[in-house]
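The values are calculated or read from the model by the stated rules, or taken from the named source; none is laboratory data. On a predicted model such as this, the values are computed, not experimentally measured, just so you know. Neighbour counts are summed over all protein chains in view; Cβ atoms, including those assigned to glycine, are modelled from backbone coordinates with ideal geometry. These area figures cover heavy atoms from the full protein model, side chains too; ligands, DNA and RNA do not enter into them. Shrake-Rupley method; radii C 1.70, N 1.55, O 1.52, S 1.80 Å.
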Amino acid sequence: MISIDGLAVEFGGTTLFKDISFVVNDKDRIALMGKNGAGKSTLLKIIAGVQTPSRGKISAPRDAVIAYLPQHLMTEDDRTVFEEAAQAFSQVQSMQKELDDLNQQLTSRTDYESEEYYEIIEKVSDISEKLYSQAEINYDAEIEKTLMGLGFVRSDFQRPTSEFSGGWRMRIELAKILLQDPDLILLDEPTNHLDIESVQWLEDFLINSAKAVMIISHDRMFIDRITTRTIEVTMGRIYDYKVNYSAYLQLRQERREQQQKQFDEQQKFIADTQQFIDRFRGTYSKTLQVQSKVKMLEKLKIIEVDEVDNSHLKLRFPPSPRSGNYPVMAEEVGKTYGEHTVFADASFSITRGEKVAFVGKNGEGKSTLVKAIMNELDHDGQLTIGHNIHIGYFAQNEASLLDESNSVFGTIDDVAKGDIRNKIKDILGAFMFSGDDWDKKVKILSGGEKTRLAMIKLLLEPVNLLILDEPTNHLDLKTKDILKQALMEYDGTLILVSHDRDFLDGMVSKIYEFGNKRIREHFEGIQEFLERKKMEHLRELEAGK
């Protein structure tokens, strides 16, 4: 059992949250929810011990292991993938070395009756007991199983980590965490760098093998499957629900409706009371009553509604200019780097107005094909962009390209032209930037807020081919829902590179699957695709028996 007692975080005169207390029990699988900037990542860091609160404490058993996966990290460059993953067992290796040293001392010492000699014997006994409980673990087999579950192949094991992208290094760090068998696993957006198959493997691991888990994630299907408890961080406090995410949404709606009702009743009472005060102020016979009501209003604690309800806000992309019938046509398109083939012989066409998804494991060519469509790299075969095509492109690193010294409003005002400049405030509001946010510098925004701001720039110019590369990374669920609705109503052609099943569900009607150096075309939605893939996977398992 891990206890969080009276946590508070304050900086620069601002209170992020205060007096937060709850207990994490064995087998708890907790979704940590709240809008971007509410303090979710900060709370995880405090529980992990990498950040200190202004007040409060974390209490855990002496031998408890808390493992933390942040959004950004760096592995050692001088180790191979397998060696880096094996660092998960470094504590066991240290214990074994300490035991060998102690046994060597027992062999060489002759002060058998001394207090020091007995202390060494006790240490040997204690460490031996701990190591005995680990003796039956086949470390190499566990490392191999975990790395392969997260998408690595055996030929990757001896490659240096320096050869891998940040997303794959994140998987190595995740493997190290899972291999430690910790008492509490803290995961901050763990699915951002995982393909669909690896997300499914991670789901099964956390459900069937993990002890306690606390997760921040925008992937609704993932947290709905994983979690049994939801803690919402909002307006400096928390609400703790013993249900999964979907059930929490219903309970939260009921809570906020009740708060709104109480707030409206209180506001009517305040207005009526103020009207009485204004009417009879200076009336001698009513002096005591007026004074009493003034004091009562001064002491009244105003009921708060936790967050402004943005459900009525709708985001719309500008109407797209009419394009030719086939915005993208590929004939035997391929890409190689030296002797390495990314994919080959891809032939397909995307029709005007279609919404399609690029899915598949990382490294199989999704972003490569996008860059080819953008004419950013050479390729084999014929790739034709149709008549009158205007492309809008959102890259994975789009948020990092923003000018951090500029303000939120200035970032949009600098690129807006014509009549759209009169709608900047409305667009900022649709992406949940209130008037208080407009003067904030980009450098102090959270990852999700920067992604939202970068997304707004797509709205400023009408395009008829929209290409989004992992657009939901770092977006909270509320923003993701607004974006999804806008994209479903978008009248141009849409290409989505995404691993987010919930985001793709109901939006795309065609899927391009990248894998084994090929691109396969599937005329179906994401749910049908996943169900069929799982059946194929089971048949393959049965065939391998």
Only unsatisfied item for ASN244, checking (1) under 15 Å from the mean Cα position of the chain (by Cα); (2) open to solvent by 10 Å² or more (accessible area, probe 1.4 Å), is (1)
Test set (1) touching an Asp or Glu at 6+ places or on another chain (Cβ under 7 Å); (2) touching a residue at least 40 places away in the same chain (Cβ under 8 Å); (3) of a type outside the set (Phe, Trp, Tyr) - ILE207 fails condition number = (1)
If you scan the range 4-19, which residues turn out to be open to solvent by 20 Å² or more (accessible area, probe 1.4 Å), in contact (Cβ under 8 Å) with a residue 40 or more places away in the chain and over 19 Å from GLU449 (Cβ atoms)?
-> ASP5, GLY6, GLU10, LYS18, ASP19
Within the range 8-44, how many residues are over 15 Å from GLU232 (Cα atoms) and aliphatic (A, V, I, L, M)?
-> 2
Hey, any hits in the range 259-270 for a residue that's buried (at least 16 other Cβ atoms within 10 Å of the Cβ) and either assigned to a loop (DSSP other than H, G, I, E, B) or out of contact with any strand residue (DSSP E or B) (no Cβ under 8 Å at 6 or more places or on another chain) (or both)?
-> no
Of all residues in the range 492-537, count the ones that are assigned to a strand (DSSP E or B) and free of Cβ contacts under 8 Å to residues at least 40 places away in the same chain.
-> 2
Are any residues in the range 20-61 among the aliphatic types (A, V, I, L, M) and either open to solvent by 60 Å² or more (accessible area, probe 1.4 Å) or assigned to a loop (DSSP other than H, G, I, E, B) (or both), and if so, which ones?
-> ALA38, VAL50, ALA60
